[in-house]
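A.B. asks: Have a look at this one.
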Amino acid sequence: MSTELLIALSIGIMVSCGVYLILRPNTFPVVVGLTFLSYAVNVFLFAMGGLKVGMPPILDEKVTTYTDPLPQALVLTAIVISFGMTAFLIVLSLRARDNLNTDHIDGKIYLSNFTDNKLIEPTEGSSKDQPERVESTTTSQQDILK
Amino acid sequence: MTLVDFNLPVVVLLPFLGALLATQAARFNRLAAAGTAAVITILALILLLPALPLPFAGQTLIQRWEWVPSLGLEFAFRLDGLGLLFALLILVIGLLVIIYARYYLSPQDSMGRFFAFLLSFMGSMLGIVLSENLIQLVIFWELTSLSSFLLISYWYTRSDARQGARMALTITGMGGLALFGGVLILGHIVGSFNLTEVLAASSLIHASPWYTPMLVLILLGAFTKSAQFPFHFWLPHAMAAPTPVSAYLHSATMVKAGIFLLVRLFPVLSGTPEWHWLVGTAGMLTLLLGAFTALFKHDIKGLLAYSTISHLGLITLLLGIGSPLAVVAALFHIINHATFKASLFMVAGIVDHETGTRDMRRVNGLMKYMPQVGILAIIASAAMAGVPLLNGFLSKEMFFDQTVSVSAISPLAWVIPVLATLAGVFSVAYSARFVHDIFFNGEPINLPKKPHEPPLYMKIPVGLLVLACIAVGVFPVYTIAGVLYVAIAGALQTTPPEYSLALWHGFSAPLLMSFIALVVGLIVYLIRKPLFAWYDRGLSQWDARIVYQALVNGLIHWAQSVTRRLDRGTFRNMLIWFFGVTLLAGVVGFWDEALLGTRELMPVDGITAMAIAGLILSSLLTVLKHRSRLISLVMLGVVGLVVSLGFAKFSAPDLALTQLSVEIVTVVLLMLALYFLPQYTHMLSSHKRHYQDIAWAMGLGFSAALLTLAVLTRDLQSISGYFLAHSKTGGGGTNVVNVILVDFRGFDTLGEIVVLALAGLGIVALLQGIKLYAPKRNAEGVPWSQESHPLILQVQARILFPMMLMVAIFIFLRGHNLPGGGFIAGLIAALAIVLQNLANGIVWTAARIRWDMHSVLAAGIGIATFTGLGAMLMHYPFLTSTFTYLKWPIVGKFEIASAMGFDTGVFLVVVGATVMILVQLGRLNYIETEDTGDLQPAKGSTP
């Protein structure tokens, strides 16, 4: 058993989870799966520089050996970019939901599933419904966070 | 610095600027667009003036700036006699076309669009003829293809216009690609892409084994552009363009670009059997085919189109003959053809404009209605037919003379003058038809409009061109001789041969050929009725377009069938292809390699083992619980946290900080989105599919683990020694990761922040006008909490805000030397703002943080770019950084690097993009629940 083996194992697990999730038919797990895959890829790229403990690439006159800074620089921007990509994808899936009225990854609609959920139909945006809607949904962000 | 140090690029780029101005001018007054175009053209002519004497003094003006020296790419312009001749043709005929088009376009046509396209086309053409660097020439070449596509499809509601434009773009675009290949080979042979060096390397080029492929590729480019057989068929279809466009594209510019290229490279490409055969044959076939077909076209513009093809063939044939005198004739004919063909197209436009049709079977007897136009048309057609005392006669005589002289080289070459005379016969016949059918030949038949004289300003351009035809035809020595002489010198890159522009050379073979052409041509026209019938019975079906269509359709069908086989229209299917190929690549790559290396490995410590166990556990939970989205999301957050701990453990403090802050932002983002996504899970089609998915996941995970092990157990070779050694001395920072980001690889980072900014803007665009219907209750039917923003969170967030910003600034400032920097600081600052939005509501926050995030984004990219450009001002490459040490009282000595400015840009973009994304998504709640009516900038109250 070695640290390298453990890192390889965790990358393997993250790839597995990511692959399984992006094969799901709903858009949300697909986005989560892609996030997983980007973790895995980032860690993989990072590991290309070799695993070193206690040798950060911060120059110091007393220190002579450093870990490889280049993969770190690559991964740093990759993390930020993959956030941008995740955000774009999730918004794309919202847009798809709006345009296609489904969150199926291929845009398929299974009508039978619709009746199970109390979706507000478009026509309900009328005035009599409004007060309740205002109260109920503005609080939603905090509510999810609880 | 005088004007001749930099005027050429200005002349070339001015029309592009004018294109923008024209669209703006058209907003105020549609005629202002035409005025702008005319003024820009005149301005370009004036700017060209100071350089004019140079070619006459035997000098070549070259203006160059470095662009990408490592690729041999220079921003370089050249003016010699040849470039001058073409630039003058482009600008002068362009000006006439602009005046003409001002009266030609109807009130429904958008003037701004027309003149913007026309000017960008003019700029691209000028770019071709004034380029010194061949790659730059190719870029302008492609630009002419694109702008001519836009011009031809100007009436984009008409399907023939769209088809014609597509065809022109396909053919000339493919030619452009071939040309690019040819130019690359040429540059490779010579070792430079600059014309000065290329033109001096004739023997080197001829001796190269790459000569023939290079020649073929360049000829493909030239032939497609100049509509040479077998690529000629796009030109008649491009007649769907407005007539001013045809007058411009098919007389002086677009189609002459190919000819220009042949002449430009004539000194180094010609003189080989390959050149004679390829160029000569294509020219001869095009000449005959064009002249023959033109006679049978009933559409006026169709006749002119084929006539253009035939004249282009004539010029190409002359170049194929390849003697210096043939080049003289070719250049002379280029000028003459431009003048008479532009005026004839304009006449065709006038007839179309005044009668409503271009069908010569109906348009007859117009002499009575528009005698002035009639006279102009007669003179121009006579020039086209090669009637003495007009310019076309002179160059045609030269042409005949060349065919006669070339007939001596081999026993079979006697056909060349014979075929040339035959082409002359048809040329006379269709010219006669143009005049007789339109202006005489009885009365007009069933015209949509009653014809009358056109506006004066439509006739003036025609009149000026016809005047030029006569002036050149009668007094060649006093009019055209000077420009022609320098053009020939420029084309041949040597002293021009002896030639005579005299009208009378005594009784000679060329005169006899001209005479035969005139007489027989008129006879052919007299017996046209049976000829038309004969043509309609069979030959009219023959059209290269059919072959083209079949090819295109075949290609499309083939592409479709391949696509259908690969892509079943499901995401899963595409993924499986991707996974499969990835696996295959791994297997092939390791086929005869030992999988694992022999490096010494690192022993495991307890904490690492526990953390990784946590990571694996939470990963599995994310998947197992993926139907309960919230739990799944929390588990995802845990995975991210462990990853960032791992970065911290393995000597990557910057990554740990970045991952940590990104993790928080990601989870908030996904939660906001989760609210709008349905809670149910779609059913899979079968259990079998589920097992397949699991198998793929395990297989790929296993392979990824193996791959990681394979790398980690091998010895590493790294290039980062350079970065470590130069980070402090060259970049002025001790945090090597940050110095790499903002200095060594600053250009990459610039690209990355642009991507981030685009993602943010894309998200804003995607969320425009979105209407999502969120549930009032959660999946279990429990209504969402009624409580608005919780007080404790509100208060805490407000207190935290300044502190978070301070941390961000701290992290930012130390970034160059210690872990931190623009990316991380940007994320922290963004989190501070996002927290306010979450705790106090978007409206409350928007009233307090008034910066528009679009401007923050723009400022960020602007600052980053200008920091880079600042280096260029000091004559360093883009994004070179510098640093110095400052001493302040109290603070003491500290370092300031220009990279800091760049990092500020990074910071702003990260803040802008992150906040924009989250706030836009959060805003959906308000839009959706309050019908947007209440989403006014609130006066400090929470909704």
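The values are calculated or read from the model by the stated rules, or taken from the named source; none is laboratory data. The shown structure was predicted, so the numbers you read here are calculated from the model rather than taken from an experiment. Quick reminder, even Gly has a Cβ in these numbers, built from the backbone with ideal geometry, and neighbours come from all protein chains shown.
A.B. asks: Answer yes or no: is there a residue in the stretch B:904-922 that is outside any loop (DSSP other than H, G, I, E, B) and either in contact with a Cys (Cβ under 6 Å, 6 or more places away or on another chain) or modelled with pLDDT under 50 (or both).
C.D. replies: no
A.B. asks: Among the listed residues B:420, B:491, B:408, which satisfies the condition of being assigned by TED's automatic domain parsing to the domain that holds residue B:327, closer than 30 Å to residue B:271 by Cα and more than 42 Å from the chain's Cα centre (by Cα)?
C.D. replies: B:408
A.B. asks: Quick one: would you say residue B:507 is within 30 Å of residue B:395 (Cα to Cα), among the hydrophobic types (A, V, I, L, M, F, W, C) and surrounded by 10 or more Cβ atoms within 10 Å (Cβ to Cβ)?
C.D. replies: no
A.B. asks: Can you name the residue in the stretch A:97-106 that is assigned to a helix (DSSP H, G or I) and under 14 Å from residue B:674 (Cα atoms) and is also nearest to the other protein chains (Cβ to nearest Cβ) among such residues?
C.D. replies: Looking at the filtered set, the residue picked out is A:98.
A.B. asks: Among the residues of the stretch B:315-336, are any under 23 Å from residue B:525 (Cα atoms) and in contact (Cβ under 8 Å) with a residue 24 or more places away in the chain?
C.D. replies: Checking the stretch B:315-336: not a single residue is under 23 Å from residue B:525 (Cα atoms) and in contact (Cβ under 8 Å) with a residue 24 or more places away in the chain.
A.B. asks: List the number of the failed condition for residue B:104; all other conditions in (1) over 20 Å from residue B:339 (Cα atoms); (2) over 27 Å from the mean Cα position of the chain (by Cα) hold.
C.D. replies: Unmet condition: (1).
A.B. asks: Does the stretch B:104-125 include one or more residues that are modelled with pLDDT of 90 or more, more than 25 Å from residue B:488 (Cα to Cα) and surrounded by fewer than 20 Cβ atoms within 10 Å (Cβ to Cβ)?
C.D. replies: yes
A.B. asks: Can you confirm whether residue B:556 is over 18 Å from residue B:701 (Cβ atoms) and either touching a residue at least 60 places away in the same chain (Cβ under 8 Å) or assigned to a helix (DSSP H, G or I) (or both)?
C.D. replies: When the stated conditions are applied, residue B:556 passes them.
A.B. asks: Scanning for something over 16 Å from residue B:520 (Cβ atoms), in the same structural domain as residue B:298 (by TED's automatic domain parsing), crowded, with 24+ Cβ neighbours inside 10 Å and in contact (Cβ under 8 Å) with a residue 12 or more places away in the chain, does the stretch B:361-371 turn up at least one residue?
C.D. replies: So far as the stretch B:361-371 goes, yes, one or more of its residues are over 16 Å from residue B:520 (Cβ atoms), in the same structural domain as residue B:298 (by TED's automatic domain parsing), crowded, with 24+ Cβ neighbours inside 10 Å and in contact (Cβ under 8 Å) with a residue 12 or more places away in the chain.
A.B. asks: Hand me the list of helices (runs of 4 or more DSSP H) wholly inside the stretch B:613-713 holding 1 or more residues that are closer than 27 Å to residue A:108 by Cα, acidic (Asp, Glu) and facing chain A (nearest Cβ under 7 Å).
C.D. replies: B:687-712
A.B. asks: Now for a separate question. Residues that are within 24 Å of the chain's Cα centre (by Cα): find the helices (runs of 4 or more DSSP H) completely inside the stretch B:145-229 holding 2 or more of those.
C.D. replies: B:159-190, B:211-225
A.B. asks: Okay, moving on. Looking at (1) more than 24 Å from residue B:381 (Cβ to Cβ); (2) at pLDDT 90 or above, which is the only condition residue B:481 fails?
C.D. replies: It fails just one condition, (2).
A.B. asks: Taking the residues in the stretch B:756-799 that are at pLDDT 85 or above, buried (at least 19 other Cβ atoms within 10 Å of the Cβ) and within 8 Å of chain A (Cβ to nearest Cβ) as candidates, determine which candidate is farthest from residue B:880 (Cα to Cα).
C.D. replies: B:767
A.B. asks: Just to check your reading of the model, which residue among A:80, A:75, A:41, A:30 is part of a helix (DSSP H, G or I), at the interface with another protein chain (Cβ under 7 Å from one of its Cβ atoms) and at pLDDT 90 or above?
C.D. replies: A:75
A.B. asks: Which number in (1) within 7 Å of chain B (Cβ to nearest Cβ); (2) at pLDDT 90 or above marks the one condition that residue A:118 misses?
C.D. replies: (2)
A.B. asks: May I ask you to say which residue of A:48, A:55, A:14 is in contact (Cβ under 8 Å) with a residue 12 or more places away in the chain, facing chain B (nearest Cβ under 7 Å), over 17 Å from residue B:711 (Cα atoms) and surrounded by fewer than 24 Cβ atoms within 10 Å (Cβ to Cβ)?
C.D. replies: The conditions single out A:55.
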